[in-house]
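First comes the structure, then the notes that go with it.
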Amino acid sequence: MATVLLIEDNAQNRRLEKDLFEVAGYTVIESESAKDGIALAAEKKPRLIIMDVRLPDMRGTQAMQALRADERTRGIPVVFVTASAMPEEINQINTVYNCGYITKPINTRTFVKEVERYIGENGMKNA
Amino acid sequence: MRSKKKTDLRVIEDGFRKNEAKLCFLLEKIEDGITLSDAKGHFYVYNSAMERITGYTKEEANASLDFLELIYPDPIERKRALFGIVELQEGMSREGEVTIVRKDGRPARIIINSYLTNYSGHDIFLSIYRDVTEHKQFEETQRARKFAEAANRAKSEFLANMSHELRTPLNSIIGFAEILHDQTFGPLNDKQKEYINYVLSSGKYLLSLINDILDLGKVESGKMELKPSVFSLKNLLEGSLVLVKERAFRGGIELSLDIADGIDRMNADERKVKEIVYNLLSNAVKFTPRGGRAGIRARKLDSIIEIQVWDTGIGIESKDRGKIFSGFFQLDDKYEGFGLGLMIAKKLVELHGGRIWVESGGKGKGSTFKLTLPANPQPKSQS
């Protein structure tokens, strides 16, 4: 079963995403901070990372750079879930390879389908 | 004593006149006011730039009992201007910035450089007046603009942060309500279904208000840009009607669409046109009592597309017709909302270079919102 890593500091939002992924048949691992999330990603090598843009210890885009700098996590697609609708942040995210974004509030009926688009041709569950 | 003074003056003036003839051309070309004067305030040299700067001719300056009193009517400013001058030693200079009053009464900001020289045993002051009024005004405008820009940035940041802070809990409210509504984790009874629908629709309503405020902030700070594309106006208008269909049905309101032949494709920012039409249409449905009608008419006038959103609703009195577009205005307290929809619609229409207005027969006689959009974009530059 494919694993998804959620990096999100808001416990309720994390729970919501966790529910949606579990209902869709994924294994979910979680982190409240970017630092722990980066370490967890290197250790567990999830198929996909869902990350908040504004995390308590660093910006999501900084965490993104750290993930891309590490060979173990370089290839993992990252989808930002952001409550910010400011174009500057979205532009910044758009410049990064293998990376997407979804704005909060998420649509619970389409959320998993939307993030699966970022996983690539093989599809996460077949991997 | 008297004749001695006269002789001295003649000697000085003769001396200057010889040099003045040579320097005249140069002096008249210079943009700075240049004067040579003695300790009593008599001007030997007073170039045309000086006349331009002060508004007084050399003759007027010399005829005045005290020229300094003339250009510094304010004793404090006069004192400031003279500060240090009386103590000047030969060969020394002094620079100061003062405000003079011109002959026409307008103030001028001047930087004065004064030098003390000696000519045939007499103290002679050479003064250079540089008019920096326009420069100062420019600096002032620059400062005001920088301040306004900083204020605008602060506002945008505030709106972005506010939006972020409000969306985070809304994500939980709407998300969990949706999961419950969809009965993902088990069935709900009818009452629970009804109540969770209230949570869901209120949450979505709150979200639309936050989006409105954010949009308004973007338009006002000039950050809203048009992204024109060619699209089908017919599809857009039909799509807008679908969005309010359910509400209209519940309110017992009949909807209609009337598109004149010959318009379909238009070039504009599709998302924004949709928002304009949707805002008008949801107002039409909101302010029309049961049994009424509402709808859209569209036609093409040369290179302009006119869209009308009409209803048979509560109408708008003529005294309120200007106010409804200014935001935070509500015709009636019993309808919820901030009154931002029309304000945003107006801003978005204007961003396209179009116009929006309302016609109404008066209270209870329905309203027709009319707007014109160029069929091709002619964006109005935001200032």
Exercise. Could you list, in sequence order, the residues of segment B:181-198 that are at the interface with another protein chain (Cβ under 10 Å from one of its Cβ atoms) and either touching a residue at least 12 places away in the same chain (Cβ under 8 Å) or farther than 30 Å from residue B:212 by Cα (or both)?
Worked result: B:181, B:184, B:185
Exercise. Any idea which of (1) surrounded by 16 or more Cβ atoms within 10 Å (Cβ to Cβ); (2) without any contact (Cβ under 8 Å) to a residue 40 or more places away in the chain; (3) charged (D, E, K, R) is the one residue A:113 doesn't satisfy?
Worked result: (1)
Seminar exercise, completed: Residues of segment B:210-254 being of a type in the set (Asp, Glu) and out of contact with any Gly (no Cβ under 9 Å at 6 or more places or on another chain), in sequence order, are B:215, B:220, B:225, B:238, B:246
For this session: Restricting attention to segment A:23-61, report how many residues are assigned to a helix (DSSP H, G or I) and crowded, with 18+ Cβ neighbours inside 10 Å.
Result: 6
Problem set entry | Selection count where residues are surrounded by fewer than 16 Cβ atoms within 10 Å (Cβ to Cβ) and either modelled with pLDDT under 75 or closer than 11 Å to residue A:38 by Cα (or both), scope segment A:75-95 | 6
Exercise. Inside segment B:23-59, can you point out the residues that are in contact with an Asp or Glu (Cβ under 8 Å, 6 or more places away or on another chain) and assigned to a strand (DSSP E or B)?
Worked result: B:33, B:38, B:44, B:45
Exercise. Where in segment B:203-286 are there strands (runs of 3 or more DSSP E), lying fully within it, with 2 or more residues that are among the small types (Gly, Ala, Ser)?
Worked result: B:229-232
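The values are calculated or read from the model by the stated rules, or taken from the named source; none is laboratory data. These numbers come from a predicted model, not from an experiment. All Cβ positions, even for glycine, are placed from backbone atoms using ideal geometry, and neighbour counts span all protein chains on display.
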